[in-house]
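Take a look at the structure set out below.
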Amino acid sequence: MSKEHPPHHVPVLLDATLRELAPQKGESYLDLTAGYAGHAGEVLSKTENFKESVLVDRDDYAIQHLQHMADKGVRLMHTDFASAAQQLSEEGVTFDMILIDLGVSSPQLDQGERGFSFSHNGPLDMRMDRRGEKTAADLINTASSQELTDIIHRYGEEPYMQAKRIAEVMVEHRPFKDTAELANCIKQQHRGKIRRIHPATRTFQALRIAVNDELGQVERTLPLLPKLLKPGGRVGVISFHSLEDRLIKQFFKEQTAAGYEAELTVQTKKPIAGDIEDVHNPRSRSAKLRIAVKK
């Protein structure tokens with residue numbers, strides 16, 4: 001395995017991704033969420049086609065880490081994946097392989113100052129792109145109780161009344177300054193036995209999705225994928241929660257239903273599950289990989 005990704009960052013579903021994308025020497029590669037090159041380093045070590053490959057990430061930490069790839073001729077794009085997909089499609093660039101890994105990277109989770117996780121206390125930031133104007137703190141401390149209820153219910157998939165209770169408690173006790181303060185507040189209002197998953201987990205997911213417009217990004221990117229692929233090109237999408245996977249599943253289903261007019265052939269009738277493929281990587285337990293091929 002390549003040593004070009006940090007030792008604390010284990011790429012999810014790596015073996016399955018390599019198996020399904022089947023990179024060949026000379027092929028071009030687009031990684032729309034390159035992160036710390038966990039997948040990209042392995043793919044490009046097989047294709048050796050750096051000059052026609054593109055790595056995208058909106059996290060400046062990741063872009064800094066990817067500079068060694070730029071030194072080999074890879075094009076780096078410091079932007080969100082929807083904007084990158086739109087720009088590349090307008091340029092008319094096509095690729096043999098595309099990967100989108102929708103997960104939050106291990107380094108992001110482990111850096112308390114990024115505010116993604118309550119396991120590592122830090123400011124309520126949660127921006128994947130630190131150039132973004134709105135942080136999680138801005139959202140939490142200014143949104144109405146109803147707005148927060150809708151966010152927690154829709155993006156965190158909390159039952160509506162539970163989402164409403166959490167939102168009301170948040171409004172009552174704000175302003176919040178750090179992740180531990182918010183997580184403890186949510187935990188204290190929790191009713192019933194606290195099980196393996198922390199009561200604040202879904203709320204943190206919901207806030208992160210809202211701050212980064214994660215579902216909107218997916219919705220805008222999926223229709224652009226056929227245009228970005230060469231004939232016979234493969235695309236893989238790794239999702240981590242049901243909201244993302246539902247959008248991908250629906251898009252692939254529409255392609256299948258289109259028959260002769262379909263631009264993609266879906267290779268995975270059922271997604272490849274991380275909890276089966278990556279039994280030793282706890283962060284992959286909810287991951288799902290779906291694959292399609294350009295006709």
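Below is a table of values for the structure above.
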read-out	value
Filtered residue count, the stretch 215-225, keeping only those that are within 13 Å of the chain's Cα centre (by Cα) and crowded, with 20+ Cβ neighbours inside 10 Å	3
So LEU102, is it assigned by TED's automatic domain parsing to the domain that holds GLU27, surrounded by 20 or more Cβ atoms within 10 Å (Cβ to Cβ) and not basic (Lys, Arg)	yes
Lone qualifier among ILE186, ILE151 - being within 17 Å of ASP138 (Cα to Cα) and either basic (Lys, Arg) or surrounded by 15 or more Cβ atoms within 10 Å (Cβ to Cβ) (or both)	ILE151
Residue within the stretch 215-229 that is outside any helix (DSSP H, G or I), touching a Lys or Arg at 6+ places or on another chain (Cβ under 8 Å) and not aromatic (Phe, Trp, Tyr) present	yes
When residues of the stretch 189-207 are limited to those that are within 19 Å of ALA137 (Cβ to Cβ) and β-branched (Val, Ile, Thr), the one modelled with the lowest pLDDT	THR201
The listed residue being more than 26 Å from ILE248 (Cβ to Cβ), aromatic (Phe, Trp, Tyr) and touching a residue at least 24 places away in the same chain (Cβ under 8 Å), out of TYR36, TYR61	TYR61
Boolean, THR79 is surrounded by fewer than 22 Cβ atoms within 10 Å (Cβ to Cβ), β-branched (Val, Ile, Thr), touching an Asp or Glu at 6+ places or on another chain (Cβ under 7 Å) and modelled with pLDDT of 95 or more	no
Residue list for the stretch 254-286, filter: part of a helix (DSSP H, G or I), touching a residue at least 12 places away in the same chain (Cβ under 8 Å) and closer than 22 Å to GLY232 by Cα	GLN255
For TYR61: the one exception among (1) at pLDDT below 95; (2) within 26 Å of LEU264 (Cα to Cα); (3) of a type outside the set (Asp, Glu)	(2)
Among residues of the stretch 44-73, those that are small (Gly, Ala, Ser) and closer than 20 Å to LEU14 by Cβ, counted	3
Members of the stretch 127-142 that are part of a loop (DSSP other than H, G, I, E, B) and either outside the structural domain of ARG174 (by TED's automatic domain parsing) or out of contact with any helix residue (DSSP H, G or I) (no Cβ under 9 Å at 6 or more places or on another chain) (or both)	GLU133
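The values are calculated or read from the model by the stated rules, or taken from the named source; none is laboratory data. These numbers were taken from a predicted model, which means no experiment stands behind them. Heads up, the Cβs are rebuilt from the backbone with ideal geometry, glycines too, and the neighbour counts pull from every protein chain shown.
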